[in-house]
Amino acid sequence: MGGYGGAGSAISRAILNYTNADLIVAGRREEEARALAEGLNAKFPGGRAAWARADASDPATLKEPFGRADLVIDAATTVSFVEETARAALEARADYMDIHYPQEVVPVLAAVAPEAEAAGFNLVTQAGFLPGLPSVLVRWAGAHFSDYSRARVSVAMRSDFDPGGAVDEFVGTLGDLSAEVFSDGRWRRAGRSDVRKVDFGPPLGTKTSYPITLAEMRGLPEELGVEELSISIAGLNWFVDYVVTPLAFSLGKVKRGFGRRPLARLMVFGSKRFKEPGEAVAAILEAEGEKEGERVAVRLRASHDDVYEFTAMPVTAFLRQYLDGSIKRQGLSFMGRVVEPVRFLKDLEEMGAKVEVEVREA
């Protein structure tokens, strides 16, 4: 779904390039789905890409293409029809996954989860690099410690936005006053002291990183025994950091989501007007703990020069494990919580991501 959009087209290419799966490019605009599918078939041999009209606002259009699928990937730019899409997938006896950021998607899918579990199907949410990759990194680091004390994940990107659902979602992260961090055995509301300067390496450099909340991180402290856990995101440039973000926080105090549309327009303007040369994205893990009586610090940097490609890579790394039967869980789950982390990161590297690891005494 949304297979011809920015992230969707990157996922479509990656599926054909890095798996043996066939693909149906679907969405409301059949002509765009057809154009992409034909272009993919010209590039990748075997005629593995088909196309279909599938409009989530018109559930009757979902039945036929979903009936030909083992897995429905929701890469649409709106979350308004998540429940309809997930239920249509179950009715067609297909698994479901999405790449949506908004956290309100999780309770919507949780309401559908009992039906999925009873029928033996998967609902997988929060796939991609944000969300998705952060919990993979935190789990990966756990193998380095016998006593896991701290994990911090920070994400930054340099890109320009086009109007639409993606920028609305990003603005929502900046104005989220409910962001929480885990410390002292509980999740607490993030404060100004949790805003950090993070060195993301070239070409992004050091940026101010703001706490956010991801549902995929819930449960990790108990699962891994980690004492402190947080996830944060940096703005695109100085205009976003010092104009859009303060406005988003101020308006968020009035009402959650208040002013999102005008802020999104301001974000689009700022991302294009003040964009630095070159696109880039990086996720940084900083973890500390103890192993064999010694304090150990682990730092991992995963990066790429294309935001959409970096979204597609984790989705495809998940698919590799899904297609070979490694993903066994049924019902609702998070992508980053069900994959095997070491294999996952190796697959990211194979697809072109740069993964750098530093282990040292703390």
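Structure values in brief
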item: Label-point separation in nm, SER250 to GLU276, each point 7 Å along Cα→Cβ; result: 2.6 nm
item: Which of LYS354, LYS207 has the fewest Cβ neighbours within 10 Å, and the rest in rising order; result: LYS354, LYS207
item: Kirkwood-Stokes translational diffusion coefficient of the range 6-125, alpha-carbon pairs, 4 °C, 1.567 mPa s, µm²/s; result: 88 µm²/s
item: Contour minus Cα-Cα distance for ALA60 and ALA35 (0.36 nm per residue); result: 6.7 nm
item: Cβ-based exposure ranking for GLU292, GLU356, in which fewest neighbours within 10 Å come first; result: GLU292, GLU356
item: Structure-based [θ]222 nm, the chain - -39500 (n - 2.57) summed over DSSP H runs of at least 4, per residue, nearest 500; result: -11000 deg cm²/dmol
item: Reciprocal of mean inverse Cα separation for the chain (Kirkwood radius, Å); result: 20.9 Å
item: The chain: angle of helix 165-174 to the longest principal axis, Cα-based, in degrees nearest 10; result: 20 degrees
item: Förster-model FRET efficiency, 22 Å R0, ARG48 and ASP324, C-beta, rounded to 0.05; result: 0.80
item: Gain upon complete extension [GLU228, ALA297; 0.36 nm per residue less C-alpha separation]; result: 23.4 nm
item: Residue order, fewest to most surrounding Cβ atoms within 10 angstrom, among LEU23, LEU16; result: LEU16, LEU23
item: Signed unit charges on C-beta, dipole axis of the range 6-125, positive-most listed residue ALA116, ALA37, ALA26; result: ALA37
item: Residues of type aspartates and glutamates that LYS63 reaches as a straight line, Cα spacing below 17 Å, ignoring anything fewer than 8 places off in the same chain; result: GLU30, ASP55, ASP74, GLU83, GLU84, GLU91, ASP95
item: Rounded tilt (10° steps) of 105-119 against the dominant C-alpha axis of the chain; result: 60 degrees
item: Among GLN103, SER9, VAL79 the positive-end extreme of the charge dipole of the range 6-125 (Cβ point charges); result: SER9
item: Pairs beyond 31 Å (Cα-Cα), from LYS43/LYS197; LYS207/LYS354; LYS207/LYS328; LYS197/LYS328; result: LYS43/LYS197; LYS207/LYS328; LYS197/LYS328
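Laboratory data are not the source of any read-out in this text; all were calculated from the coordinates shown. Owing to the predicted nature of the structure, the values given are computational and were not obtained by experimental measurement. As a convention, Cβ positions derive from the backbone with ideal geometry for all residues, glycine included, and neighbour counts pool all protein chains shown.
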